[in-house]
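Participant: Sharing a structure with you now.
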Amino acid sequence: MKCSFSTAKIAILHWQKSARSDQLRPNLEQEIFITPKKMNKFIMQLRPLKATLFLALLIVSINSNAQGANNEADYFSNIYLSLCMKNINNFEALRNQLLGKKLPELPFDQAKYFLFGGGGDAWPIPYQEKLGNFVLSLPTGKNMCGVFMRKGNPNEVEANFIKLVSNAPKPLNSILKLDENKESATNGKTHTLSYAWSVPDATKKMLFTLTTVSSPTADIQAWASATIISD
């Protein structure tokens, strides 16, 4: 099993509440480095666990939610749907399930860069029997689930995301809360979309957010989160 992580500058997302409580804005503030030596050492540690039953079941679960993941963008969307969206009411149950099955985790010195500025757990998700392109994160104390993709087609990721969240199942309504283009010194042009699902006059909303990066040389090309917020 090989991992082609270059020395990566990965932007940490620090989620900050704006003046309105129904928005969470990602802020690209910091850069960190994951060296090939550290990541390859971790990949080597995973080799004996590659064929665990739960890992196989997890991949089946992800793939079963679409008519086949034909590329990285589809696979990213399937992870997001299968693990984040479907478990939005109880991320702690998802965390306990993953921890209970002893699915291999990223060590904390690497996981922390996918945890939105806090503690928690992060798991590398295999794609085509290789690790290194997808990470699932469950920060502690934030009621949030995140998915990260190193390389893939950001336009396809965004199109899939819009299909997933722009129309909510009845009686929920879907409202576009944020559509923002920014220029980042680290990643270049980024595009962030946030949709909120709720019933009319509800005090709590499900918030789905995606940020994509157009540059093919960016270290992270897409990351998405799911959480519940209160007005």
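The values are calculated or read from the model by the stated rules, or taken from the named source; none is laboratory data. All values reported here derive from a predicted model rather than from experimental measurement. Ideal geometry is used to build each Cβ from the backbone, glycine not excepted, and the neighbour counts take in all protein chains shown.
Participant: State yes or no: is Asn160 surrounded by fewer than 18 Cβ atoms within 10 Å (Cβ to Cβ), at pLDDT 90 or above and part of a helix (DSSP H, G or I)? So that I can check it myself, show each step before the final result.
Facilitator: Details: surrounded by fewer than 18 Cβ atoms within 10 Å (Cβ to Cβ): no; at pLDDT 90 or above: yes; part of a helix (DSSP H, G or I): yes.
Considered against the rule, which asks whether it is surrounded by fewer than 18 Cβ atoms within 10 Å (Cβ to Cβ), at pLDDT 90 or above and part of a helix (DSSP H, G or I), Asn160 comes out as no.
Participant: Pick from the range 73-132 the residues that are touching a strand residue (DSSP E or B) at 6+ places or on another chain (Cβ under 7 Å) and among the acidic types (Asp, Glu): which of them is modelled with the highest pLDDT?
Facilitator: Only one residue tops the list, namely Asp121.
Participant: Separate question: Out of everything in the range 70-101 that is touching a residue at least 40 places away in the same chain (Cβ under 8 Å) and over 16 Å from the mean Cα position of the chain (by Cα), what residue ends up being surrounded by the fewest Cβ atoms within 10 Å (Cβ to Cβ)?
Facilitator: The extreme case among them is Asn89.
Participant: Where residues in the range 163-179 are more than 18 Å from Tyr80 (Cβ to Cβ) and touching a residue at least 24 places away in the same chain (Cβ under 8 Å), which of them is surrounded by the fewest Cβ atoms within 10 Å (Cβ to Cβ)? It would help to see each step written out before you state the result.
Facilitator: Applying the first criterion (more than 18 Å from Tyr80 (Cβ to Cβ)) to the range 163-179 yields 170-171, 173, 175, 179.
Now drop any that are not touching a residue at least 24 places away in the same chain (Cβ under 8 Å), which leaves 171, 173.
On the way: Pro171: 8, Asn173: 14.
That would be Pro171.
Participant: List every residue pair whose Cβ atoms lie under 9 Å apart, where the two residues are 6 or more positions apart in sequence or sit on different chains, the first residue falls within the range 106-134 and is within 20 Å of Thr227 (Cα to Cα), and the second residue, located anywhere, is surrounded by fewer than 19 Cβ atoms within 10 Å (Cβ to Cβ) and of a type in the set (Asp, Glu).
Facilitator: Ala111/Glu105; Gly117/Glu29; Asp121/Glu105; Ala122/Glu105; Trp123/Glu105
Participant: Can you report the number of residues in the range 188-226 which are under 22 Å from Ala122 (Cα atoms) and either at pLDDT below 95 or not hydroxyl-bearing (Ser, Thr, Tyr) (or both)?
Facilitator: Looking only at that region, the number is 13.
Participant: If we scan the range 208-226, do we find a residue that is in contact (Cβ under 8 Å) with a residue 60 or more places away in the chain, more than 23 Å from Asp74 (Cβ to Cβ) and outside any loop (DSSP other than H, G, I, E, B)?
Facilitator: no
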